[in-house]
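Undergrad: Can you read through this structure? Questions will come right after.
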Amino acid sequence: MSEKLGEEASEALVELLRQLQDDTVVRAMDVLEERFARRLAEEIGKVYREMGQLEARLTQRIESLRSDMQSEIGSLRSDMEKLRADVQSEIGGLRTDMERLRTDMERLRAEIRGIVATVIRWMFVFWVGQFVALAGILLAVARFMR
């Protein structure tokens, strides 16, 4: 090629082709960079939209769970109040039963004291009778032996 164009023209052509190649590479890189930046921006936008949707669904689910928990807490409080009322009622019934039992025990204690007093009187009468009978037998034997 240098024979037809000459040495200078060949070098100029080669230089021109190198510049064209460098410019083409630079332009291609610029185009690729722009496409990459645009595609990256689109993908980041998609990610942000998906994150927003996920956040909205998550927020909705959290609110639903919060509402359910508050409902359950209210139900538990109601159940606890009913249980507390039932326990207090049972305690009142137990107190009444204990008072009745205490009254019955006092009455039985009084009856037992009366029975013990009666038994002691009868035992005293029996011992006195035994003593009198024994004394009578001893007197009879003593008279009989004299």
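What follows draws every value from the coordinates through simple rules; no lab data is involved. Keep in mind it's a predicted model, so treat the numbers as computed, not measured. No Cβ is skipped: glycine too gets one built from the backbone with ideal geometry, and neighbour counts run over all protein chains shown.
Undergrad: Could you compute the FRET efficiency for VAL25 and LYS46, with r as their C-beta to C-beta distance and R0 at 30 Å, rounded to 0.05?
TA: Efficiency, rounded to the nearest 0.05: 0.45.
Undergrad: I would also like to ask the following. For GLU72 and THR118, calculate 0.36 nm times their separation in residues minus their Cα-Cα distance, and state this gained length in nm to one decimal.
TA: This chain segment gains 9.8 nm when fully extended.
Undergrad: Ok, one more. To the nearest 0.05, what FRET efficiency results for THR96 and PHE131 with a Förster distance of 35 Å applied to their C-beta separation?
TA: 0.10
Undergrad: If you line up the long axis of helix 7-145 against the longest principal axis of the chain, both from Cα atoms, how many degrees apart are they, to the nearest 10?
TA: 0
Undergrad: Roughly speaking, what is the stretch gain from GLU111 to LEU83, that is 0.36 nm per residue apart minus the C-alpha to C-alpha distance, in nm to one decimal?
TA: 6.0 nm
Undergrad: In nm, to one decimal, how far is the GLN60 label point from the PHE36 one, both placed 7 Å along Cα→Cβ?
TA: Taking the simple label geometry, GLN60 and PHE36 are separated by 3.9 nm.
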